[in-house]
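The values are calculated or read from the model by the stated rules, or taken from the named source; none is laboratory data. Worth saying up front: this structure is predicted, and the values here are computed from it rather than measured. Cβ coordinates were reconstructed from backbone atoms using ideal geometry, including for glycine residues, and neighbour counts include every protein chain displayed. The area values use the complete protein model at the heavy-atom level, side chains included, leaving out ligands, DNA and RNA. Shrake-Rupley method; radii C 1.70, N 1.55, O 1.52, S 1.80 Å.
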Amino acid sequence: MTGPADFRRVTRADVYKAGRLAATLVRTPNGGTEFRYRTDYLVAHGEPVATTLPVQLDPVFHASGAIPPFFAGLLPEGHRLTLLRRAAKTSADDELTLLLAVGADVPGDVQIVPDGQIPVDPPALLEDDEPGLVDFARLVDDVDPHAIPGVQRKASASMISLPFSSRNGRFILKLSQPEYPHLIENEAAHLHAARAMKLPVAEASLVADRVGEPGLLVRRFDRIRDDGSWVRLAFEDGTQVLGLPPAAKYQPDTAEVVAALASLTDAPLVAIRNLYMQFLFAWLTGNGDLHAKNVGVLKDRRGRWSIAPIYDIPCTLLYDDDSMALPIAGRTRKLRGRDWAAFAAEIELPERAAASAAEIALRAAAGVEYSALPFSGSPLRRTERELRLRRAEIEKR
């Protein structure tokens, strides 16, 4: 059986786009990588592997083990990347080895496998089981062969018996983190409240394992069932669209992220309003981690891009984080109503549309009952006090 460490010896990888062999990634003699579209894919007028990798004859080179930012953005982060690096017995800058270890199932519709291999979905860490029959703790330090995005502790899941569906599905199981108590319940409450904005929201449900440990089971929105098989939908987050490495997720200005994502859609003004509402909802609910990797675009079966469903939206103010991840009108702290008005003008959202979006975001944010969450004492009081002030700023506009 091939293990993660074996990928260090792979010098050439095949890149599939929506099931079609499209390009190659090759290690160069100087320690870099070369991305190149295949001639037959060029002749057949195949679609770009990524928005930042247009179909062209010329190759794209990257030095010192790096791969194009789109591919780097497919890798897991945090604890899960550390586990993957150790299993692959390589360094963090050997990005191609790390990508090959998880490349058969990454976010979106791209797959990366060793030269000549046919991509096959690896088994999920948690497969065909009821959550209440397993122990979530054993999953925390397992190497996941699926490239699940984000920093949170997560595991790939494919289950039959679910609280919200009796059909088989493709899921991400978010696990508890000791450093952020009750993060699972926190995020579940905010995903539920966000639905009041009438925007697409990742479908999720609270579950518990056999010892009562909570988890959040999130249905993957980049996988759909069609005629008995699974279809991959193209997805790119804000850093990928901007051509930035994942480490730069806190660097761009919010307006820059909004403009880049909206420009890909068929209805840019609708996309701008959607994103304005998402960022305002984040501020109104104390979410200080809405960075460029936590917003993105999703392509449907007809090839149309739209803003991806809302995901990864806990209240970080409960953990003493009072800033926005990305600046709004140049500020990340102590925002006022005038800053949101300036932001709306900057992204060219008409004043009337901004006012309507603000009313909807306010109503949705008010749907979170913080006293019903398992928090108490000063963190809860501080959060409720700050959020009252933020909502008052928008209400008086």
List the residues whose amide H sits under 5 Å from the amide H of GLU203, counting only those 5 or more places along or on another chain, with H placed 1.01 Å from N in the peptide plane. ARG219
For HIS45, HIS146, HIS192, write out the residues from largest to smallest accessible area, computed with a 1.4 angstrom probe and no ligands counted. HIS45, HIS192, HIS146
Sites ARG304 and ARG195, calculated FRET efficiency, Cβ-Cβ separation with R0 22 Å, nearest 0.05: 0.45
Tilt of helix 377-395 relative to the longest C-alpha principal axis of the chain, in degrees (0 to 90, nearest 10)? 80
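Give, rounded to the nearest 20 debye, the magnitude of the charge dipole that the chain has about its Cα centre when Lys and Arg contribute +1 at Cβ and Asp and Glu contribute -1 at Cβ. Can you show the working numbers first?
Working: 48 positive and 52 negative charges, 144 e Å.
It comes to approximately 700 debye.
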Segment 287-303 to segment 48-115: how many Å between their Cα centroids? 19
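Taking only protein heavy atoms and a 1.4 Å probe, what accessible area per residue, in Å², does the chain have with all protein chains in place? The partial results should precede the final answer.
On the way: 17330 Å² over 397 residues.
Counting only protein heavy atoms, the per-residue value for the chain is 44 Å².
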Rounded to the nearest 10 Å², the 1.4 Å probe accessible area of THR28 is 30
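For the chain, what does the relative contact order come out to in percent, with C-alpha contacts under 8 Å and a separation of six or more? Don't skip to the answer; put the middle values down first.
On the way: 771 pairs, mean separation 51.3, N = 397.
In percent, rounded to a whole number, it is 13.
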For the chain, build the charge dipole from Cβ charges (+1 Lys, Arg; -1 Asp, Glu) around the Cα centre, then report which of VAL55, SER91, PRO314 sits farthest towards its positive end. PRO314
Projected onto the charge dipole of the chain (unit charges on the beta-carbon of Lys, Arg, Asp and Glu, signs +1, +1, -1, -1), the Cα from SER371, VAL110, VAL151 with the largest positive-side position is that of SER371
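When N counts the residues of segment 244-397, how does its alpha-carbon radius of gyration compare numerically with 2.2 N^0.38 Å, as a ratio? Don't skip to the answer; put the middle values down first.
On the way: Rg = 15.4 Å, N = 154, 2.2 N^0.38 = 14.9 Å.
That works out to 1.03 for segment 244-397.
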Can you compute the helix-only [θ] at 222 nm over the chain? Use -39500 (n - 2.57) per DSSP H run of at least 4 residues, normalise by all residues, nearest 500 deg cm²/dmol. -8500 deg cm²/dmol
Using Cα-Cα distances under 8 Å and only pairs 6 or more residues apart, what relative contact order does segment 89-205 have, in percent? 18
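For the chain, what is the number of Lys pairs with C-alpha distance below 17 angstrom, counting only pairs 8 or more positions apart or on separate chains?
Working: LYS17/LYS299; LYS154/LYS174; LYS154/LYS293; LYS174/LYS293; LYS249/LYS293; LYS334/LYS396.
Final tally of qualifying lysine pairs is 6.
Expressed as a rounded percentage, what relative contact order does segment 292-370 have, with Cα pairs under 8 Å and six or more residues apart? Each step should come with its number before you reach the end.
Numbers: 44 pairs, mean separation 10.9, N = 79.
Here the relative contact order equals 14 percent.
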Whole-percent tail of the Cα-Cα distance distribution for segment 263-304, cut at 12 Å, equals 66
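Round to a whole number: what % of the accessible area of segment 329-397 belongs to carbon and sulfur, probe 1.4 Å? List each step's numbers first, then the result.
Working: 1920 of 4140 Å².
Ligands and nucleic acids excluded, carbon and sulfur give 46 percent.
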Would you please classify the overall shape of segment 167-317 from the alpha carbon gyration tensor, given that a ≥ b ≥ c denote the square roots of the eigenvalues, rounded means a/c under 1.5, and beyond that prolate means a/b larger than b/c while oblate covers the rest? oblate
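Can you tell me the dipole magnitude for segment 30-106 around its Cα centre, using point charges on the Cβ only (Lys, Arg +1; Asp, Glu -1), in Debye to the nearest 20? Show your work: numbers first, answer last.
On the way: 6 positive and 9 negative charges, 59 e Å.
Approximately 280 debye in magnitude.
FRET efficiency for ALA63 and ASP253, Cβ-Cβ distance as r, R0 = 22 Å, nearest 0.05?
Working: r = 28 Å, r/R0 = 1.25.
Taking R0 as 22 Å, the efficiency between ALA63 and ASP253 is 0.20.
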For the chain, the percent of all C-alpha pairs falling in each 10 Å bin, from 0 up to the bin holding the max distance, is 5, 22, 32, 26, 13, 3, 0
TYR180-GLU386 FRET efficiency (beta carbon distance; Förster radius 25 Å; 0.05 resolution): 0.90
Hey, what angle do you get for helix 183-194 against the long axis of the chain, alpha-carbon based, 0 to 90 degrees rounded to 10? 70
Max mean-square fluctuation residue, GNM over the chain, Cα-Cα springs under 10 Å, options ASP115, ASP58, ASP105: ASP58
